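Structure first, then comments.
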Amino acid sequence: MGLGPGAVPALGPIGGVGGRTPVAPRGAGGQGMLVEMVVHAIAVDQGEQYIIVLRDATHTRALPIVVGAVEARAIDNELRRRRPPRPQTHDLLRDIVMSIEAQVRAVIITELRDQTYYALVEIERHGETYQIDSRPSDAIALALRCRAPIYVSQDVVEDTTAAAEEAARSAGSSPEIDERFQQIIADAGLNDAE
């Protein structure tokens, strides 16, 4: 598997304690290739679950992630540049990172296991880099506030695509599933020739 558009080498752990893992420089291996993605849409499905849709630069791959209402609102507020009168949790996290002279370098969605996504927040401070375990929704909300890139493991992108195709096959092309999938694709703009 070669480098696709928007793919960059992943970061490899080199040790650490207490949820903070110093990491090796880019290209050192570890999580495989990464695909840079951006928040493309926030949707609510028929079950009233919030879905954040990430999309790659080529507009050919999307990653839907179910998130809680609070996190969806935090992401939406940042995308719309709405500022609450008092800092919210993700604003507080950004302010703490900045006050200790650190910087959020990237957010990495690393894994899909048992229908749950896993993520890391990469923080740099005084030349040391740390990866901190996070829920993807919190990591995305923080990345937006810190203007940090969002990466997704190429394996996660491929596994998600394969899982969606398998679900459609095993459902026997159920009209309800086809309609929901087509609506998510349409909302993400993936059937546009951009």
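Based on the alpha-carbon gyration tensor of the stretch 21-141, what equivalent-ellipsoid semi-axes (square roots of 5 times the eigenvalues) come out, in whole Å, largest first?
For the stretch 21-141, the ellipsoid semi-axes come out as 24, 21, 12 Å.
Given a Förster distance of 35 angstrom, what is the FRET efficiency for GLU48 paired with GLU158, based on the Cβ-Cβ distance and rounded to 0.05?
The pair GLU48/GLU158 has a calculated efficiency of 0.75.
Give me the distance in nm between label points sitting 7 Å out from Cα along the Cα-to-Cβ direction at ARG81 and ARG147, one decimal.
Here the modelled spin labels are 1.2 nm apart.
What list of ³J(HN,Hα) couplings, whole Hz, do you get for the stretch 40-48 from phi and the Karplus terms 6.51, -1.76, 1.60, once you set θ to phi - 60° and write x for glycine and proline?
Per residue, the Karplus-derived 3J(HN,Hα) values read 9, 7, 10, 10, 10, 7, 5, x, 6 Hz.
With every protein chain left in place, what is the accessible area of ARG81 in Å² (1.4 Å probe, nearest 10)?
Rounded to the nearest 10, the figure is 140 Å².
Amide H to amide H, which residues 5 or more places from ARG61 or on other chains are under 5 Å from it, using H placed in the peptide plane?
Sorted by chain and number, the residues that satisfy this are ASP56.
Determine the gain in length on full extension of the stretch THR58-GLU124; use 0.36 nm per residue of separation and subtract their C-alpha separation, reporting nm with one decimal.
Stretched fully, the THR58-GLU124 segment lengthens by 20.9 nm.
With each pseudo-label sitting 7 Å past Cα toward Cβ, what's the ILE100-VAL38 distance in nm, one decimal?
In this crude spin-label approximation the distance works out to 3.1 nm.
Of all accessible surface on the stretch 21-152 at a 1.4 Å probe, what whole percent is carbon and sulfur?
49
For the stretch 68-136, what D do you get in µm² per second when you plug the Kirkwood radius from alpha-carbon pairs into Stokes-Einstein at 37 °C and 0.692 mPa s?
For these conditions, the coefficient is 243 µm²/s.
The values are calculated or read from the model by the stated rules, or taken from the named source; none is laboratory data. Note that the structure is a prediction, hence the values are computed from the model and not measured. Positions of Cβ are backbone-derived with ideal geometry, glycine not excepted, and every protein chain shown enters the neighbour counts. Each accessible area value is taken on the protein alone, full model and side chains, heavy atoms only, with ligands, DNA and RNA left out. Shrake-Rupley method; radii C 1.70, N 1.55, O 1.52, S 1.80 Å.
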